[in-house]
1. Looking only at the stretch 432-447, which residues are over 28 Å from the mean Cα position of the chain (by Cα) and in a loop (DSSP other than H, G, I, E, B)?
2. Is there a residue in the stretch 365-377 that is assigned to a helix (DSSP H, G or I), charged (D, E, K, R), at pLDDT 95 or above and touching a Leu at 6+ places or on another chain (Cβ under 7 Å)?
3. Identify all residues within the stretch 268-291 that are out of contact with any Asp or Glu (no Cβ under 6 Å at 6 or more places or on another chain) and small (Gly, Ala, Ser); write none if there are none.
4. Arg242 - would you say it is surrounded by fewer than 24 Cβ atoms within 10 Å (Cβ to Cβ) and in contact with a Gly (Cβ under 8 Å, 6 or more places away or on another chain)?
5. Where residues in the stretch 314-336 are surrounded by fewer than 23 Cβ atoms within 10 Å (Cβ to Cβ) and assigned to a loop (DSSP other than H, G, I, E, B), which of them is modelled with the lowest pLDDT?
6. Name the residues in the stretch 341-385 that are buried (at least 22 other Cβ atoms within 10 Å of the Cβ) and among the acidic types (Asp, Glu), would you?
7. Out of curiosity, is Lys580 out of contact with any Gly (no Cβ under 6 Å at 6 or more places or on another chain), at pLDDT below 90 and surrounded by fewer than 19 Cβ atoms within 10 Å (Cβ to Cβ)?
8. Inside the stretch 175-187, can you point out the residues that are assigned to a loop (DSSP other than H, G, I, E, B) and either among the small types (Gly, Ala, Ser) or closer than 21 Å to Ala5 by Cβ (or both)?
Amino acid sequence: MCGIAGYINTDKEVPADGAILQAMCDTMTHRGPDDQGIYIDRSVGIGMRRLSVIDLATGHQPISNETKRIWVVLNGEIYNYRELAVWLKKRGHTLATTSDTEVIVHLYEEMGDDCVHKLRGMFAFALWDQERARLFIARDRLGVKPLYYWWNSGQLVFGSELKVVLAHPEVSRKLNPQGLLYYFRYGYIPDPLTIFSGISKLPPGHILTLAGTSLNAKRYWDGALPQDEHRAALSEAEATERLQDCLRESVRLRLVSDVPIGAFLSGGVDSSLIVALMAQEMTRPVTTFSIGFEEAKYNELPYARSVANHLSTDHHEFIVGPQECGLIQKIVSHFDEPFGDPSAIPTYYLSQLAAQHVTVALSGDGGDELFAGYDRYRVDVERNQFQEWPFVARKACSLTSNILPEGFWGKQFLHNISSQARERYLENISYVGPEKLERLFTQGFYDQCIGDRHAGSIMEACFEKVSGRPWLAQLQYVDSMTYLPADVMTKVDRMSMAYSLEAREPLLDHVLVEYVTQLPIQMKLKDGVSKYLLKKIAERYLPRENVYRKKQGFGLPLEYWFKDELRDYIHDVLFDGRMKARGIISSTEAGLLVRRYEKGRKDLVNTIWMLVIFETWCRLYLDGDPPKANLGALKNASKQSRVLLAH
């Protein structure tokens, strides 16, 4: 696991500045505390920070081919690199290391841009083809690893985090109104948008190429797209055995490591099954890590302990309590843009706990999107049946909902069943609905947002791609293209990298995803049971009460913490005058939300949290400067810096 950085001047007479590249690398020492490497070829510079996981002795980056004409930096892991190395040697290539990074340059020699189709893993890499004067960048299929870039026709700047791109002196910090709209609506900013105008995320399953002044982005994989023809010929028994084989293979591939490895264990079916399959493959007990809360409503530790005892793991736990306000600033500075998912805090502490014992941790992330595990899927499929009601009946429900007071029981349900399907689902996953956004922003800023609106919603575009497919399949696809990479994977990447910990997700193996996506819907949600087929497999390894317990989720007891410990911080952040002077958020509406919450409207807690996160972000990134160096508790970082100059 590493962090990568680089920039290229399209004018070949303008040399790349090693000091700028060094500054970019310095912002992400937490991603790679063990080593650094920089390569400069006239107007091009690429660099990396390395967390040594595979080939500790010879895996230094950047890595080249035999002729020193092709160079690459990689963030991530290529799990099938050993098989690829054997294949490449048979094709006549000479490999100087046993690193997974080196196979990329030789695959590129063989296949050009199509080399990405051979790679099985999580990755974001940048490859400089000196002979063709061409930069080739790729991001993995499911968006496990991040890649940001800025382009102004004269320069391309890229990096593993926003702060890396912002470290380049040409890159400005102009707020992107559309990014902010998405943040307040969904709690995250979907690809390709960011909070800054001009800076983009390379979407999952895409490549980016620059030759001369021509920059092109192209999708190379869309394997999560459900097909019209499902594998209905497969019996449930056959599908179960094939799925188990895929799961075992995916876990086995992710156990390749030259450093200690463990697993996150929430006690839910996804992480528990991953740990069970790890136990089948390992000769020592699996080292597991769990987070709990003092508030019983949010505490899953009893379930995690049950699984740990059943599988005889080397188990470690940590109780998260109301935190000091400084943690909020630290969390915000790791994400570089507003990020409203409160589960970032327990993920941060889970990573901190794991990093004390291991360098790599497997997780169960991705299972809810892949196997239809979210409760909202089941609820929305049920409510979608109301679409068959006569228009008059649904109109009556809508009118009734409109006259009921805010927060009244049944108001949201009536609104839901009267809404169109897509609109209903998008509102259900929203923190701040469309009708509330206008009140939340100042009139001037809201008018600017509307004037700058994109032609179509990112979510709507995803829905259009799967229009006509089963409704549940549509929901899964939309979430896999938006929520999964921009929220779940962003959260896990930033919080694990804060402690120089590599997180691996077996349920996001693209071979597994391609198989499961084409299974009939009834094998994912059947008779009200979510993750139906996955749970059939889990029964073989885990106690039945753990497999079929009610889903709890990885929440945060904000409503308890806001009462006392964080109350003063909320008031200080939202009402000290700086937010009002900024002219983005309506201080009147913010004050009204806080007063309503303090009088009992607990449903407003997430909106207030998002306001606090945004204002904290503004103070760090608009009023001041984001931190330039390591933000987490780093391991012993090597001072070695490898700078290579092309001749």
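The values are calculated or read from the model by the stated rules, or taken from the named source; none is laboratory data. The structure presented is a predicted model; accordingly, all values stated were derived computationally and were not measured. Positions of Cβ are backbone-derived with ideal geometry, glycine not excepted, and every protein chain shown enters the neighbour counts.
1. Thr442, the sole residue that qualifies.
2. yes
3. Scanning the stretch 268-291 gives Gly268, Ser271, Ser272, Ala276, Ala279.
4. So Arg242 does not fit the description; no.
5. Out of the qualifying residues, it is Glu324.
6. Passing the criteria: Asp341, Asp365, Asp368, Glu369.
7. no
8. Listed by number, the list holds a single entry, Gly187.
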